[in-house]
1. Could you list all residues from the range 249-272 that are within 13 Å of the ligand (Cβ to nearest atom) and in a helix (DSSP H, G or I)?
2. I need the full set of residues from the range 234-245 which are open to solvent by less than 50 Å² (accessible area, probe 1.4 Å) and either in a strand (DSSP E or B) or among the β-branched types (V, I, T) (or both), in order please.
3. Any idea which of (1) free of Cβ contacts under 8 Å to residues at least 60 places away in the same chain; (2) over 20 Å from the mean Cα position of the chain (by Cα); (3) crowded, with 24+ Cβ neighbours inside 10 Å is the one K252 doesn't satisfy?
4. Taking the condition open to solvent by 50 Å² or more (accessible area, probe 1.4 Å), at pLDDT 95 or above, away from the ligand (no atom under 16 Å from the Cβ) and within 27 Å of E350 (Cβ to Cβ), does D294 pass?
5. Can you go through T139, T144 and tell me which one is away from the ligand (no atom under 16 Å from the Cβ), among the polar types (S, T, N, Q) and touching a residue at least 60 places away in the same chain (Cβ under 8 Å)?
6. Can you pull out the residues in the range 214-231 that are free of Cβ contacts under 8 Å to residues at least 60 places away in the same chain and within 26 Å of T124 (Cβ to Cβ)?
7. Tell me yes or no: at least one residue of the range 291-305 is free of Cβ contacts under 8 Å to residues at least 24 places away in the same chain and either in a helix (DSSP H, G or I) or in contact with a helix residue (DSSP H, G or I) (Cβ under 7 Å, 6 or more places away or on another chain) (or both).
8. Would you check which residues across the range 216-233 are within 16 Å of the ligand (Cβ to nearest atom) and open to solvent by less than 10 Å² (accessible area, probe 1.4 Å) and list them?
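The values are calculated or read from the model by the stated rules, or taken from the named source; none is laboratory data. Every value quoted in this text rests on a predicted model; they were computed, and no experiment measured them. Cβ: placed from backbone, ideal geometry, glycine included. Neighbour counts: every protein chain shown. Areas reflect the complete protein model, heavy atoms only, side chains present, ligands, DNA and RNA absent. Shrake-Rupley method; radii C 1.70, N 1.55, O 1.52, S 1.80 Å.
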Amino acid sequence: MSLQEKKEWLKLKEYSKTMKSTHLKDLFSEDEDRFKKFSFRKDDFFLDFSKNLIDTEILNELINLAKSCSLNNAITDMFEGKKINHTEDRAVLHTALRHPKSGKLMFEGENVYDLVHGVLDSMTSFSEQIRNGEQLGFTNKKITDVVNIGIGGSDLGPKMVYEGLLHYLDGPKVHFVSNVDGTHITETLKPLNPETTLFLVASKTFTTQETMTNAASAREWLVSSLGEDSVAKHFAAMSTNIEAVTDFGISKDRVFAFWDFVGGRYSLWSAIGLPLMIAFGADKFNEFLSGAHDMDNHFKNTDFDKNLPVIMALIGIWNNNFLDADSHVLLPYDQYLHRFAAHFQQVDMESSGKTVDNNGDFIDYQTGPIIWGEPGTNGQHAFYQLIHQGSKLIPSDFIGFKTSLNQISDHHPKLMANFFAQTEALAFGLSTDKVVEDLKSQNMDDKKIEKLKNHKTFKGNKVSNTLLIDKLTPKSLGALIALYEHKVYVQGVIWNINPFDQWGVELGKKLAKVIFSEMDSLDFSNHDSSTKGLLNEFMNNSN
Ligand code: G6Q
């Protein structure tokens, strides 16, 4: 039965008709217990989802919908290593990467936890040796800077977490190079000293054009200053393609493996996290993993009505498929999380940007929303205008922390006052009557008031979730990331899509290869007039 024919879906469609003409103001005034009903705590995480256009019936029906899509089985299938990424014939086992050593998960004849901890152990000893100076550069100097060369899943996650945990940095600095635009590597290398720089080439396939190009340029930069023999001491790699890495000149003992069952955008928990271990130490990295593991257990073992990823996913489905919101904004009120939205743009949009279901049929309902966002207060002075008074419904996640890592003067209470004020303003707005009253009290003349009153009116009824977390630590960040990963999975299960493939990125890559080769022959005759015209324009003017 197709999703839209399910009785739960049809019921929700009916409910949405009423909810589309209901105001959050009324939902709150009708029910004193609303906050209590639609909020809960899980350890140091507190979720308030009461500022959404839902009621108990809707929430129950969303949960029924999840059940009717066999969400429980789908969760078990993922954790047990079933090949749920069926279009690539792969298991999806990023949860195994953060599982403690104890226990057994057999996959293709091997205990995955042994594999995972084997690599974690070599990462630990390598990162400790770099941190304590046992492994030095070619000229016997201590490594002070690490350059991670990778793109997509081999860049966004580790970069976000590096920035997210900067407060805890006590090892070498990490720089991230991803773009094939020569500017990225040039500017990154400018302040660095080859004698004290370690390059980590992060690539699952070790064939990605951008990464291979940047790695080759990094190699040249190093060799031009320290000579060919220095490569062994200044390069390491994280990859599933050991042969290609050794061909590049990196010795086997400096290759940190991961596996086919780790998807790129879910790989930061694997060897791809090596730069984080070098920067923060193995203990902090293990805390990060344990936070994610806690969230995995919560996701696996908690009833849906108190299950953070499930509830956030269902609210997302409600806003997306029933209230017609087409984007979702992530608003961390913490400067350390300034790359959070960038990472989840990939995790969410690459996973849920699909219009073909698990049966291979085109689907005619909405799937993944557009994900965007910036740290909160910066956004307030920029795009919040559209969220408050624009014509679109933009559901938001406000993510804040009770304790600041930088307690200076009254910055944190001010930041958090903004945090709470925004969700209140979004939900409840400001009525025209109140606007008129305020303007009158300022002695504004009636004509001017008449002209201004609508402009100053906030209709409100803009929905949001608030996630209040005790403190930004490696552990809570691990849990937060796992929470959003699982949210994406739940939505994929309900939409009946495969959240673990990414065929949509292939075509452009293929065409780029064709065009790159045609740049030599200057024969662009196989292209449409626009592409041909642009290529001719480029070739005539570039040097
Ligand atoms: C993520 C994608 C993609 C991938 C990059 C880099 O899920 O698969 O973003 O991570 O294309 O791939 P490599 O790690 O193979 O270089």
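1. G264, R265, Y266, A271, I272
2. If the condition is that a residue be open to solvent by less than 50 Å² (accessible area, probe 1.4 Å) and either in a strand (DSSP E or B) or among the β-branched types (V, I, T) (or both), then F235, A236, A237, M238, S239, V245 are the ones that fit.
3. If we test K252 against (1) free of Cβ contacts under 8 Å to residues at least 60 places away in the same chain; (2) over 20 Å from the mean Cα position of the chain (by Cα); (3) crowded, with 24+ Cβ neighbours inside 10 Å, just (3) comes out false.
4. yes
5. Exactly one of T139, T144 is away from the ligand (no atom under 16 Å from the Cβ), among the polar types (S, T, N, Q) and touching a residue at least 60 places away in the same chain (Cβ under 8 Å), namely T139.
6. Listed by number, the residues that qualify are L222, V231.
7. So far as the range 291-305 goes, yes, one or more of its residues are free of Cβ contacts under 8 Å to residues at least 24 places away in the same chain and either in a helix (DSSP H, G or I) or in contact with a helix residue (DSSP H, G or I) (Cβ under 7 Å, 6 or more places away or on another chain) (or both).
8. Listed by number, the list holds a single entry, A218.
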